[in-house]
Amino acid sequence: DTVKKALDALVQQGAKLIDVSLPMEKYVVPVYYILANAEASTNLAKYCGLRYGLQKDIRDFDSFEAYVSSVRSEGFGQEAKRRILLGTFVRMAGYRDAFYIKALQIREKIIQEYKALFKKVDVIAGPTMPIFPPTFEEAKRLTPVQNCLLDEFTIPSNLCGFPSLSVPC
């Protein structure tokens, strides 16, 4: 309702609103998180305690694997660990084509859909969040999937490389 009121104010100033449909929109969140986690996994790989990241005395460990496991267990938070695991999984042999490559292909289709839409409109307007901001207690109860879904309206610009702006209303 708040966003609708803000859009109505724009109409009163001369803007023309039209409803649009983006059929590929339903793939935006899963495609983004497949690609973002794959990138995070790759980028965070260097934090193994040798040159970057938490460092310990390697002589205190029975093996290199034990050292890296210890450093990463203590040096990364729960979300970073989740991204590393998911990102590594989608890039593994046997899964790379099914997830990572497929996500890249779908991303290209999403970009083309948005480019076609931007030939018809100057701006795509809508809410930034699907809910009002949760309290700290409510946020603690959100699952990782629920947290990801809160990004659904801001992901398209990041996924497609288009500029975006969030305007309080």
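The values are calculated or read from the model by the stated rules, or taken from the named source; none is laboratory data. Computed from a predicted model, the values in this text were never measured in an experiment. Using ideal geometry, Cβ is built from the backbone for each residue, glycine included, and neighbour counts are taken over all protein chains shown. Please note that ligands, DNA and RNA were not included when accessible areas were found on the heavy atoms of the full protein model with its side chains. Shrake-Rupley method; radii C 1.70, N 1.55, O 1.52, S 1.80 Å.
Couple of notes before you dig in:
- Selection status of residue 35, open to solvent by 80 Å² or more (accessible area, probe 1.4 Å), assigned to a helix (DSSP H, G or I), modelled with pLDDT of 90 or more and hydrophobic (A, V, I, L, M, F, W, C): no
- Leading residue by the ranking (farthest from residue 83 (Cα to Cα)) among those in region 136-169 that are touching a Ser or Thr at 6+ places or on another chain (Cβ under 9 Å) and touching a residue at least 12 places away in the same chain (Cβ under 8 Å): 169
- Looking only at region 72-92, residues that are open to solvent by less than 80 Å² (accessible area, probe 1.4 Å), free of Cβ contacts under 8 Å to residues at least 24 places away in the same chain and more than 19 Å from residue 143 (Cβ to Cβ) come to 1 in all.
- Residues that are over 19 Å from the mean Cα position of the chain (by Cα) and either open to solvent by 80 Å² or more (accessible area, probe 1.4 Å) or farther than 17 Å from residue 163 by Cβ (or both), drawn from region 119-131: 119, 120, 122, 123
Okay, residues lined up against (1) over 21 Å from residue 10 (Cα atoms); (2) touching a Cys at 6+ places or on another chain (Cβ under 9 Å); (3) of a type in the set (A, V, I, L, M, F, W, C); (4) modelled with pLDDT of 90 or more:
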{"position": "93", "(1), (2), (3), (4)": "yes, no, yes, no"}
{"position": "99", "(1), (2), (3), (4)": "yes, no, yes, yes"}
{"position": "106", "(1), (2), (3), (4)": "yes, no, yes, yes"}
{"position": "141", "(1), (2), (3), (4)": "yes, no, no, yes"}
{"position": "148", "(1), (2), (3), (4)": "yes, no, yes, no"}
{"position": "159", "(1), (2), (3), (4)": "yes, no, yes, yes"}
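- The sole residue among 132, 89, 99, 64 that is out of contact with any strand residue (DSSP E or B) (no Cβ under 6 Å at 6 or more places or on another chain) and either of a type in the set (Lys, Arg) or within 30 Å of residue 2 (Cα to Cα) (or both) is 132.
- Residue within region 61-71 that is over 22 Å from the mean Cα position of the chain (by Cα), of a type in the set (D, E, K, R) and closer than 21 Å to residue 162 by Cα present: no
- Restricting attention to region 38-66 and to residues that are open to solvent by 70 Å² or more (accessible area, probe 1.4 Å) and in a helix (DSSP H, G or I), the residue that is nearest to residue 144 (Cα to Cα) turns out to be 39.
- Test for residue 113: is it at pLDDT 95 or above, under 21 Å from residue 28 (Cα atoms) and open to solvent by less than 50 Å² (accessible area, probe 1.4 Å): yes
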